[in-house]
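The values are calculated or read from the model by the stated rules, or taken from the named source; none is laboratory data. Note that the structure is a prediction, hence the values are computed from the model and not measured. Because the Cβ atoms are built from the backbone with ideal geometry, glycine has one as well, and the counts that use them run over all protein chains shown. Protein only, heavy atoms only, side chains kept; ligands, DNA and RNA dropped before computing areas. Shrake-Rupley method; radii C 1.70, N 1.55, O 1.52, S 1.80 Å.
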Amino acid sequence: MIIGVPTEIKNNENRVALTPSGVVQLVAHGHRVLVEENAGVGSGFVNEDYLQAGAEIIAKAKDVWATSDMIMKVKEPLPSEYDYFKKGLILFTYLHLAAEPSLAEALKNKGVTAIAYETVASNGKLPLLTPMSEVAGRMAAQIGAQFLEKPKGGKGILLSGVPGVNRGKVTVIGGGVVGTNAAKIAVGLGADVTIIDLNPERLRELDDLFGSNIQTLISNPVNIASAVAQADLLICAVLIPGAKAPTLVTEDMVKSMSKGSVIVDVAIDQGGIVETVDHITTHDNPTYEKHGVVHYAVANMPGAVARTSTIALTNVTVPYALQIADKGVQKAVAENEALKLGVNVANGEITFKAVAHDLGYTYVPVETALLNGFASV
Ligand SMILES: NC(=O)C1=CN([C@@H]2O[C@H](COP(=O)(O)OP(=O)(O)OC[C@H]3O[C@@H](n4cnc5c(N)ncnc54)[C@H](O)[C@@H]3O)[C@@H](O)[C@H]2O)C=CC1
Ligand SMILES: CC(=O)C(=O)O
């Protein structure tokens, strides 16, 4: 198979979908890998590294897309890339389609088989989302602490406090991978941390993990309203896989926060959970202020720590890419239930239920759209 790796074009997206070591593995299996010139530079991998690994360096993105059977990316294609879509192309990347209706339509209309990293699922876990959620969660506490500083628009508090002065309060909504990693850093910084989740079992696990270093609360509108009002830093980390994120923090709740508080809505890639987060922000222009509260809503947070993120991401994506390249997409999907759950679009159909529901399409099972003739496990 020919596998293409274009340069990421989203604002400050410095990650790349394959490291030279990933190239070595694909080439050892007899595949050709085309890497766009300088695609790895933001992550510290130069063209020479890819050439030595066995890749071919291609000058223009359009030629990478045109020649490849499978495109590996990090972020969802942007509108300027939709023209490169072609029938039968396999696209393996983060997609977050419930928040990207025009992308879903373009993939569907062009007959692309689109496998979303974020919905590949195994034993209730999301193995291709987890490493970037670990990164974004850890960053969320760090970024929040930074924007609480007065010169950055915040109220001018230090999360740890100092002897004789209160610690800062951090509220984390969603106690999964992002939430847990955010809490780890916030607790490490010495903050007073509350984690809210819908799942009582998850709250028990968090209680075991953090002990008396955190307060856990079940998710309901009353608990959310009270914890948001008290928070200096609110970190939003809720996920319903594949679906648009629910609005859990209303405008009135934001108004109840004290001036100079900070919201980091990590769940923005699925649409965000805060009513006043009305647009995605960028690393170039990461925050805006509403009701006196600093809002941060960058959808590619790990792109800022690209070296760490690229290696963490490709550690988990390459084994799946090898299966697709070795077996072809139909056989790979038929034989791997986790990968099957990643298929969001195939042969002009939307094959992930939550995406079809949220965007108003008819849901067509992967078996019907892609696996006709292949026995599914
Ligand atoms: N902005 C960025 O750069 C990045 C964003 N993300 C996003 O962060 C979000 C969270 O991801 P993960 O932590 O990996 O997901 P996860 O599945 O590990 O955790 C989500 C948690 O939300 C909880 N939850 C669901 N409904 C809830 C509700 N109504 N109230 C409270 N909790 C609720 C679940 O029980 C679960 O514990 C996702 O949207 C993910 O795509 C991840 C990485 C980077
Ligand atoms: C999860 C995701 O979309 C990201 O890492 O950018």
Are there any strands (runs of 3 or more DSSP E) wholly within segment 251-304 with 1 or more residues that are hydroxyl-bearing (Ser, Thr, Tyr) and away from ligand 2 (no atom under 14 Å from the Cβ), and if so which?
-> 287-290, 293-296
Could you list all residues from segment 104-140 that are hydrophobic (A, V, I, L, M, F, W, C) and more than 13 Å from ligand 2 (Cβ to nearest atom)?
-> ALA104, ALA106, LEU107, VAL112, ALA114, ILE115, ALA121
Mind listing whichever residues of segment 94-132 are part of a strand (DSSP E or B), under 22 Å from ASN315 (Cβ atoms) and among the hydroxyl-bearing types (Ser, Thr, Tyr)?
-> SER122
State yes or no: is THR93 buried (at least 24 other Cβ atoms within 10 Å of the Cβ) and either under 19 Å from the mean Cα position of the chain (by Cα) or away from ligand 1 (no atom under 16 Å from the Cβ) (or both)?
-> no
Restricting the search to segment 291-312, which residues are surrounded by fewer than 16 Cβ atoms within 10 Å (Cβ to Cβ) and closer than 24 Å to LEU234 by Cβ?
-> HIS291, GLY292
Restricting attention to segment 27-44, report how many residues are out of contact with any helix residue (DSSP H, G or I) (no Cβ under 6 Å at 6 or more places or on another chain) and either closer than 25 Å to ASN285 by Cα or open to solvent by less than 20 Å² (accessible area, probe 1.4 Å) (or both).
-> 4
Quick one: which of GLY161, GLY174 is on the phi > 0 side of the Ramachandran plot and touching a helix residue (DSSP H, G or I) at 6+ places or on another chain (Cβ under 8 Å)?
-> GLY174
Does VAL262 meet the test of being open to solvent by less than 10 Å² (accessible area, probe 1.4 Å), among the aliphatic types (A, V, I, L, M), away from ligand 1 (no atom under 14 Å from the Cβ) and touching a Phe, Trp or Tyr at 6+ places or on another chain (Cβ under 8 Å)?
-> yes
Check segment 204-212 and report whether any residue there is under 23 Å from VAL274 (Cα atoms) and at pLDDT 95 or above.
-> no
Go through segment 320-360 and give me each residue that's assigned to a loop (DSSP other than H, G, I, E, B) and open to solvent by less than 60 Å² (accessible area, probe 1.4 Å).
-> GLY328, ASN336, GLY342, GLY348, THR351, PHE352
